[in-house]
Amino acid sequence: LARGALPRDLDGRHVVVSAGGTREALDPVRFLGNRSSGLQGYALARTAAARGARVTLVAANVALPDPAGVRVVVVESALQLREAVLSAADRADAVVMAAAVADFRPAGYRPSKIKKRDGASAPSIELVQNPDVLAELGARPHAGQVIVGFAAETDDVLANGRAKLARKGCDLLVVNQVGADLAFGRPDNAAVVLGADGSSVEVPRGPKEALADVVWDLVAARLDG
Ligand code: CTP
Ligand code: CA
């Protein structure tokens, strides 16, 4: 389907998309990070804009050009991403959490570079848990607002996905089927989109734009219905 043939069914809507992967600083030169490329989140932002939405894209450590007509808020850490997403979400019709948010961050930031010393033992890194942004969005009253999460599961994909959807209180959960070939950095993706209403929509392997359009179809149906 050509983009021009798509409905402008998100006209007048404001949507927030998070993309990329957070970095948790250890010292001025080092961080703990993950392999998220941001491709799926950027595809979601692009397709939402094409369907008429006003889009706020919260981007964590992504090496991709800004999508045209989209407001991009650049963040680095999970705590920064939380601030940006929660403040934009106040006025949003939908929030899609495609970012890979670090579950843990170093307990203490070292303002000077950690040095090695001959004979001294290697330092260990103490971690503390980050707030769960999606669970916070799901837990606060959000009538009329659609909350979408992502999850990558390797085993018991559907059972784990259902449990995660309930735990996070979201309306839709996109469960990536990751196996031998990981979704990270690839232009295509396969997924099952689970709904809090018990529904499930299987999306065959295809471009990340195609998965994004299915997500917006389901979001638009919930906003209109
Ligand atoms: N997420 C979030 N804040 C976190 C961690 C995750 O908002 N601190 C969001 C992600 O953006 C994603 C969803 O939660 O949309 C699921 O992330 P996932 O890592 O699969 O779930 P977790 O609850 O962290 O469980 P797991 O132990 O499997 O990592
Ligand atoms: Ca996690």
- [ ] Starting from 0 in steps of 10 Å, tell me what percent of the Cα-Cα pairs of segment 88-131 lands in each bin.
- [x] 19, 30, 25, 16, 8, 2
- [ ] Just report the Cα centroid separation between segment 45-96 and segment 155-178, whole Å.
- [x] 22 Å
Open item on the list: Can you give me the distance in nm between label points at Ser121 and Val201, each placed 7 Å from the Cα along the Cα-to-Cβ direction?
Closed with: 5.4 nm
TODO: Specify, per residue and in Å³, the volume enclosed by the convex hull of the alpha carbon atoms belonging to the chain.
DONE: 141 Å³
Open item on the list: Please give me, ordered by residue number, the trypsin sites (Lys or Arg not before Pro) of segment 57-121 that lie in loop per DSSP and have at most 15 other Cβ atoms within 10 Å.
Closed with: Arg91, Lys113, Lys115, Lys116, Arg117
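Would you work out the relative contact order for segment 1-111, in percent, from Cα pairs under 8 angstrom that are 6 or more residues apart?
Relative contact order of segment 1-111: 38 percent.
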Open item on the list: Let me check against my output: what whole-number percent is the relative contact order of the chain, with C-alpha pairs under 8 Å and at least 6 apart?
Closed with: 19 percent
Task: Computed FRET value (nearest 0.05) for Ala210 with Tyr109, which takes r as the C-beta separation and R₀ as 45 Å - done: 0.65
TODO: Quickly work out the Asp217-to-Asp155 label distance, labels modelled 7 Å from Cα along the C-beta direction, and quote it in nm with one decimal.
DONE: 3.3 nm
Task: Protein accessible area in the chain, 1.4 Å probe - carbon and sulfur % - done: 52 percent
- [ ] Taking every Cα atom in segment 94-218, find the radius of gyration and the maximum pairwise distance Dmax, and write them in Å.
- [x] 18.5, 61
TODO: Report Rg (one decimal) and Dmax (nearest whole number) for segment 144-225, counting Cα atoms only, units Å.
DONE: 12.3, 39
- [ ] Among Leu57, Val128, Val174, pick out the residue whose Cα is farthest towards the positive end of the charge dipole of the chain, where Lys and Arg carry +1 and Asp and Glu carry -1 on C-beta, about the Cα centre.
- [x] Val128
- [ ] Can you work out the accessible area per residue across segment 1-119, with the rest of the protein chains kept in place, probe 1.4 Å, in square angstrom?
- [x] 51 Å²
Task: Cα convex hull of segment 1-108, projected area averaged across orientations, nm² - done: 7.3 nm²
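The values are calculated or read from the model by the stated rules, or taken from the named source; none is laboratory data. Just so it is clear, the model here is predicted, and its values are computed rather than measured. Glycine gets a Cβ as well: all are built from the backbone with ideal geometry, and neighbour counts include every protein chain shown. To get the accessible areas, we keep the full protein, side chains included, count just its heavy atoms, and leave off ligands, DNA and RNA. Shrake-Rupley method; radii C 1.70, N 1.55, O 1.52, S 1.80 Å.
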